[in-house]
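Here is the structure we will look at.
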Amino acid sequence: MKKYIEQLRANPLYKKYELFVPPILCVLIVIALFMAVVVPNVLQYFETSKKITEAQDKVTFFKEKESLLKSVNKDEFTEGINRSLVILPTDKEAPTAIAQLYYIFGLTNMTVENISFSDAGGAADGKSFKIAIELKGSLSSLTNFILQLKQAPRIMRINTLEVNGAGNTGEILSSITIDAFYEPLPASISSIDQPVNQPTKKELEALDNLATSVFPSIGDEKDYSGPKGKPNPFE
Amino acid sequence: MEKININLLPEEFLIEKKLGIKRSLYLRISIIVFVAVLIITSSILLLRLTQSQSLQALEGDLDGKRNSITSMKENESAVFVLKNRLDKIAQISAKESVPVQGYNLLSSIVPPGASMLAFSMTKENLINATVETSDTSVLDQLFDNLLDPKTSKGFITAVKLENIKLTGGQITVEMAIGYNNKPAAQTGAAAAPLKI
């Protein structure tokens, strides 16, 4: 190696440009360093900075979500879901709707002339089935029926209404089709990266008001005072 | 008195000396530049290292939070399902029954002394109503109410008399009433004057 360097130094071409060898070598090394280390790392720096900002945002988001979920009273929410299922069941649950309708007929002194169901409701804003009823009663009873139906625990909406007078008796015959709404539970819940949309206080209060109605449901025998029969009829 | 300097050294020696100074200067500048670039490069590498470490720490933190949130999946499901149902309930409840709206309006318009014999509403929001009374002034009042935008609140767009019968002192009026469940007062459009 030493011999090689001596030979190189003795070379007239080397002697001629000897002065420029260190700066050129330095420039070459600097360029190599810039190309191989500085430029890629500077580019990576900006990319990683972006990733860090995103990760920091996510950590903040997850922290908020975690504290929000920790504050959730599961029992209270389960109770809320049960209440909401009374208002909007997951399935048609026709007997519940009929029970509520008959309760209103009794309250408003309307006589049922005919009642029938059909599978598909006429509402565009939700799943529903149709209940067609023919009622006899006074005009004020019908008005009362409409009012009571709006206050019923289950969401039902009058789709068509036809009223015909029965002459001088003051009785009217009304043909009403009602959409009784239902909505299956969501198939999947939100992903971990989505924010938690908590119901507002107003919504929860509205739920309380809707679900604390005194309407009976099927199987509610509190007011029943007639004979109850044997507990097991097959014994 | 000025000193006399006589350079007895050969000229090659002087040139060699100048070249040596130049060589040393170039070498020094090159070394300074090289060291500076080396410092910059090391600083960048150090920065990248600390950056990677903080990213790793953040990712570890994220994983921890993810696990914590996953462990509270039941709470999240309860909130999600309840919110979903409340939104659906609010959406359905917000829409009022148009026939009921029409019926309520007509009930408020029919004056005392007149009775509604028939009511029906078509899908095109046309109310067919039959009203009976024995008093012509009540009938006048009914027509006034139908045409008065204050009582009809802009919900009535047209009134058409289909038939008027007089049987046994009872006047029976059959009407077709155009009903608009989004009245001009709500939509901001100007209401057209009504005629029978």
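Every number in this text was worked out from the coordinates using simple rules, so none of it is lab data. Just so you know, these numbers come straight off a predicted model, no measurement behind them. Because the Cβ atoms are built from the backbone with ideal geometry, glycine has one as well, and the counts that use them run over all protein chains shown.
Say the dipole of the protein assembly as shown comes from +1 at the beta carbon of Lys and Arg and -1 at that of Asp and Glu; which of B:Thr122, B:Leu55, A:Ala180 then lies farthest toward its positive end?
Working it through, the farthest residue towards the positive pole turns out to be B:Leu55.
List the DSSP H helices in chain B whose Cα atoms stretch 20 Å or more along the helix axis and whose mean Kyte-Doolittle hydropathy is at least -1.0. Walk me through the intermediate numbers first.
On the way: long enough: B:11-71 (89 Å, 0.46); B:73-94 (31 Å, -0.25).
Result, helices passing both filters: B:11-71, B:73-94.
May I ask for the angle, rounded to the nearest 10°, between helix A:201-211 and the longest principal axis of chain A, with both axes built from Cα atoms and the value confined to 0 to 90°?
With rounding to tens, the tilt is 30 degrees.
Kindly state, to the nearest 0.05, the FRET efficiency for A:Thr78 paired with B:Leu46, given R0 = 56 Å and r defined as their beta-carbon distance.
Between A:Thr78 and B:Leu46 the formula returns 0.55.
Compute the FRET efficiency between A:Glu54 and B:Gln53 as 1/(1 + (r/R0)^6), taking r as their Cβ-Cβ distance and R0 = 22 Å, and round to the nearest 0.05.
Plugging the Cβ-Cβ distance into 1/(1 + (r/R0)^6) gives 0.85.
How tilted is helix A:74-87 with respect to the longest principal axis of chain A? Cα atoms for both, answer in degrees (0 to 90, nearest 10).
Tilt relative to chain A: about 50 degrees.
Divide by every residue of chain A the summed helix terms, -39500 (n - 2.57) for each DSSP H run of at least 4, and state the resulting mean residue ellipticity at 222 nm, rounded to the nearest 500 deg cm²/dmol.
That comes out to -15500 deg cm²/dmol.
Build a GNM of chain A with springs between Cα atoms under 10 Å: which of A:Ala187, A:Ala124, A:Ala132 gets the top mean-square fluctuation?
Residue with maximal mean-square fluctuation among A:Ala187, A:Ala124, A:Ala132: A:Ala187.
Mean-square fluctuation check for chain A, GNM, Cα pairs under 10 Å: which of A:Lys127, A:Lys50, A:Lys150 is largest?
A:Lys50
Would you work out the charge dipole size for segment B:98-187 about its Cα centre, treating the Cβ of every Lys and Arg as +1 and the Cβ of every Asp and Glu as -1, and quote it to the nearest 20 debye?
The calculated dipole for segment B:98-187 is roughly 340 debye.
Using only DSSP helix segments of four residues or longer, with each worth -39500 (n - 2.57), what per-residue ellipticity at 222 nm results for chain B after dividing by its residue count and rounding to 500?
-20000 deg cm²/dmol
Measuring from label point to label point, each 7 Å out along Cα→Cβ, what is the A:Phe34 to A:Asn197 span in nm?
The modelled label-to-label distance comes out at 5.4 nm.
Is chain A rounded, prolate or oblate when judged by the Cα gyration tensor, a ≥ b ≥ c being the square roots of its eigenvalues, rounded requiring a/c under 1.5 and prolate requiring a/b larger than b/c?
prolate
Compute the helix-to-body angle for A:21-33: its Cα long axis versus the longest principal axis of chain A, expressed 0 to 90° and rounded to tens.
Rounded to the nearest ten degrees, it is 10.
For a quick check: sort B:Ser68, A:Ser188, A:Ser141 by the number of other beta carbons within 10 angstrom, fewest at the front.
Values: B:Ser68 15, A:Ser188 7, A:Ser141 20.
In order of increasing Cβ crowding within 10 Å: A:Ser188, B:Ser68, A:Ser141.
Taking the Cα centre as origin and putting +1 on Lys and Arg beta-carbons and -1 on Asp and Glu beta-carbons, what dipole magnitude results for segment B:9-95, to the nearest 20 debye?
So the magnitude is around 320 debye.
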